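Nothing in this text is a laboratory measurement; each read-out follows from the coordinates by a stated rule. Treat the numbers as computed from the prediction; the structure is a model and nothing was measured. In this analysis, Cβ positions are derived from the backbone assuming ideal geometry, glycine residues included, and neighbour counts consider all displayed protein chains.
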Amino acid sequence: MGVGFEREDYQFLKELGLSPHNLGCFSGGIWKGNGPIITSVNPSDNKAIATVTEASLQDYEGSLNACVSARKMWMLTPAPKRGEIVRQIGDALRAKLSLLGRLLSLEMGKILAEGIGEVQEVIDMCDYAVGLSRQLNGSILPSERPNHAMMEVWNPLGIVGVITAFNFPCAVLGWNACIALVCGNCVVWKGAPSTPLVSIATTRLIAEVLERNGLPGAIFTCVCGGAEIGDAIAKDTRIPLVSFTGSTKVGQLVRNNVNARHGKTLLELSGNNAIIVMEDANLTLAVRSVLFAAVGTAGQRCTTCRRLIVHEKVYDEMVERLLKAYSQVKAGNPLEEGTLLGPLHSPLSKSSFENGIKAIKSQGGRILTGGLVMEREGNYVEPTVVEISHDAPIVREELFSPVLYVFKFQTLDEAIEMNNSVPQGLSSSIFTRNPETIFKWIGPTGSDCGIVNVNIPTNGAEIGGAFGGEKATGGGREAGSDSWKQYMHRATCTINYGSDLPLAQGINFGG
Ligand code: NAD
């Protein structure tokens with residue numbers, strides 16, 4: 001198929017250094033590509049935007065050799081100086097914020113405000129990492145031995161592999177790379193095969209900063225590719241840490257491959273997030289939040305609200321108000337102002353929505369609104385609300401589209417049990433004004449998720465906190481708090497500054 005690159009509304013792509021055909025491997029400071037040629041497609045019309053030559057396995061091998069040569073120099077660069085490079089990357093992103101946000105919206109299909117918001121998140125991560133570069137502190141601990149000092153010292157791992165998903169083609173790179181870089185690691189990034197233009201445009205900005213500062217390009221590597229390249233990263237003993245974001249199914253594979261070589265993983269996998277609405281909740285706030293969390297990004301966030309658990313006393317009112325709000329959601333071109341709902345990312349996502357609806361119906365689900373593919377070009381589906389038993393098998397799965405299940409409950413214990421009853425454990429939220437309920441919810445017998453909110457949606461996490469989930473969501477934590485520790489190697493160092501070895505007293509060594 002011919003590419004639409006020369007379309008008038010695609011002209012901004014040139015300002016991001018993109019062309020009708022692009023090389024998809026930034027290796028040792030040079031752009032190359034000897035792998036398969038793939039097409040980047042606009043999800044709102046399924047037409048080609050541009051093509052990309054992905055990295056071959058040989059390209060990958062060359063990239064890793066270059067990383068190995070560059071890593072010592074970067075590890076030995078003082079952390080605040082590494083922070084200065086990340087600060088400049090933040091500035092480079094700031095200068096292209098709206099262009100890169102527009103590309104994100106075009107290639108992924110999320111609405112423009114979300115595309116720009118995602119790039120802003122990477123900029124915020126850069127700012128955060130700059131400060132962090134002066135705070136990678138270890139500790140001094142009391143030793144039980146005389147004239148001995150004991151401390152914990154943090155050093156870089158060397159090379160960090162980052163594999164990311166299509167739905168956050170830029171932010172997840174930022175959560176990982178900003179921290180990994182200030183911690184002194186070279187980064188090897190493989191984005192999703194369906195968002196290669198975002199990978200290339202983002203890498204271009206980073207590459208320019210490295211070049212301007214006379215640093216080796218191999219500090220940051222981008223290898224566009226699919227499962228084969230991802231598999232090579234997972235199995236590569238030169239990469240001590242692989243940070244993987246994607247489905248639980250592929251994450252499990254990656255975990256096995258990295259474990260088999262005794263490497264470390266940081267896994268950010270599928271979610272199946274719930275909002276509980278108590279009888280004392282502010283329903284206006286709850287309705288707004290559920291709409292934002294269930295329909296935003298067309299239900300393709302890892303933190304999308306997929307299950308709504310409502311107290312029986314407010315169930316009818318909550319559902320009625322929610323359906324009214326759903327009827328006002330405007331679907332359209334994600335780049336146009338006023339659009340609230342863009343397309344699903346691919347025809348494959350559209351068919352898994354259709355299969356999901358079939359499964360819902362066969363498992364006794366009742367569609368309250370939506371349930372259909374829209375009759376227009378692109379991958380548009382209707383935002384859908386379903387009444388179904390909370391233990392129907394389909395409810396345990398992450399259907400990656402705007403489908404919300406609603407359930408009724410009587411007691412808080414019952415609601416918490418429903419929240420915790422799925423295999424995944426990413427995000428959760430409760431709407432209530434009762435402090436007793438709040439503290440039970442966030443306490444030992446409350447939500448079992450990594451993100452436990454009150455009176456806000458399941459999505460929209462701030463970068464200052466550690467982000468991630470439990471159980472089938474993988475257990476990883478990214479972005480803020482002490483997540484940086486995962487990107488470093490901790491050594492416990494005991495130093496004897498005296499002339500005696502207390503443990504060896506009584507033994508005559510001569511001399
Ligand atoms: P996916 O699992 O299909 O792909 C993710 C990445 O893995 C892609 O880059 C893909 O090319 C790569 N990959 C595929 N096979 C591989 C293999 N054998 N070895 C190594 N890498 C391989 O996921 P997706 O469809 O791109 O993204 C959607 C999923 O990601 C959802 O489940 C969503 O919840 C999850 N996600 C989670 C978070 C989080 O923070 N928890 C964030 C974003 C997305």
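Only residues that are in contact with a Cys (Cβ under 9 Å, 6 or more places away or on another chain), within 8 Å of the ligand (Cβ to nearest atom) and outside any strand (DSSP E or B): list them for the range 157-194, please.
If the condition is that a residue be in contact with a Cys (Cβ under 9 Å, 6 or more places away or on another chain), within 8 Å of the ligand (Cβ to nearest atom) and outside any strand (DSSP E or B), then THR164, ALA165, ASN167, PHE168, GLY191, PRO193 are the ones that fit.
Mind listing whichever residues of the range 291-325 are of a type in the set (Ser, Thr, Tyr) and within 16 Å of the ligand (Cβ to nearest atom)?
THR297, THR303, THR304 - these are the residues of the range 291-325 that are of a type in the set (Ser, Thr, Tyr) and within 16 Å of the ligand (Cβ to nearest atom).
LEU215 - would you say it is part of a loop (DSSP other than H, G, I, E, B) and either among the aliphatic types (A, V, I, L, M) or at positive phi (or both)?
Against the criterion (part of a loop (DSSP other than H, G, I, E, B) and either among the aliphatic types (A, V, I, L, M) or at positive phi (or both)), LEU215 qualifies.
Is there any pair linking a residue in the range 247-260 that is of a type in the set (Ser, Thr, Tyr) to one that is near the ligand (Cβ under 7 Å from one of its atoms), with Cβ under 7 Å and at least six apart or on different chains, and which?
Within 7 Å, the pairs are SER247/LEU269; SER247/SER270; THR248/LEU269; THR248/SER270.
Just checking: which of the strands (runs of 3 or more DSSP E) contained wholly in the range 395-511 hold 1 or more residues that are crowded, with 22+ Cβ neighbours inside 10 Å, among the aromatic types (Phe, Trp, Tyr) and in contact (Cβ under 8 Å) with a residue 24 or more places away in the chain?
403-409, 427-431
Mind checking which residues of the range 262-291 are within 13 Å of ASN455 (Cβ to Cβ), of a type outside the set (A, V, I, L, M, F, W, C) and touching a strand residue (DSSP E or B) at 6+ places or on another chain (Cβ under 8 Å)?
Passing the criteria: ASN282, SER289.
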